[in-house]
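J.: Take this structure, written in structure tokens, and hold onto it; I'll ask about it next.
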């Protein structure tokens, strides 16, 4: 239990008749503790640093390292390597996968809630959701409009971005809802600040306007951080793009965009635009 019961009446030192109301008070406090579902979650908030989880169990609760000890922890930091847990300064204990392997970078994501159980020697993580895991998926959708004027240099969208903390193979899918003057156009692509290898052609773009579908051939990577860039009419109903990243050095992936031709009238990426990132290898 993460809850605690304190302040109960004691009877061993009392003389004379003992009011039954004292016993009723004890039973009521115990019943409340047992019937409160949240008391059984063993939930704690990490106060440690990167790769070092620190958990504090407050008095009058008592904790020792014993096989079966279960903790649910909201971690404070995304890990960059092997992780330990230290409960009430009892000592740092390694966190391993059920197969006995140390956690790789990105297995824990800051703000994520994870379950750890002590096996008598180490804490085993019971669930892994992070960029180190194949099948990990991140989806972000814009909830506000971003507008850019007199700008033809694609830069990261302030909302559609994610820090990749583990190497591997990722599929990046973009769905963009642009609007603005047709004469300005839109330059849109995928940006990555780390190092990624792209086999052959890099991405594909399509979309739709009232006049029909937009199509674009796969494009070659840029020499700078943006790895793809394709122009499209900014009055398109939508633009889609997909790229594959073979990440060899971690970094930040994002939607990058700008006007295609400089125009003082703003080109915007609207609410509902999204980025989907999936680790496939």
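J.: Using a 7 Å offset from Cα along Cα-Cβ at residue 161, what residues in the stretch 241-267 end up with backbone N under 18 Å from the label point?
T.: Those under the cut-off are 250-259.
J.: Follow-up question, since we're still on this one. Would you please calculate the Kirkwood hydrodynamic radius of the stretch 47-162 over all C-alpha pairs and express it in Å, rounded to one decimal?
T.: Computed over Cα pairs of the stretch 47-162, the Kirkwood hydrodynamic radius comes out at 16.2 Å.
J.: Could I ask something else about it? Quote the relative contact order of the stretch 43-125 in percent (integer), defining contacts as alpha-carbon pairs under 8 Å separated by 6+ residues. All intermediate terms of the calculation are to be shown ahead of the outcome.
T.: Working: 200 pairs, mean separation 27.6, N = 83.
Once divided by the residue count of the stretch 43-125, the mean separation gives 33 percent.
J.: Which residues does a label at residue 240 reach in the stretch 259-278, if reach means a backbone N under 20 Å from a point 7 Å past the Cα toward the Cβ?
T.: Only 269-278 pass the distance filter.
J.: What FRET efficiency comes out for the pair residue 18/residue 248, r = Cβ-Cβ distance, R0 = 45 Å, nearest 0.05?
T.: On the way: r = 74 Å, r/R0 = 1.64.
Plugging the Cβ-Cβ distance into 1/(1 + (r/R0)^6) gives 0.05.
J.: Using label points projected 7 Å from each Cα along Cα→Cβ, tell me how many nm separate residue 169 and residue 97, to one decimal.
T.: 1.7 nm
J.: Order by neighbour count: 11, 43, 123, fewest other Cβ atoms within 10 Å first, most last.
T.: 11, 43, 123
Quick note: the coordinates plus some simple rules give every number you see, no bench work behind them. Not measured: the values here are computed from a predicted model. Here the Cβ is made from the backbone with ideal geometry for all residues, glycine too, and neighbour counts use every protein chain on show.
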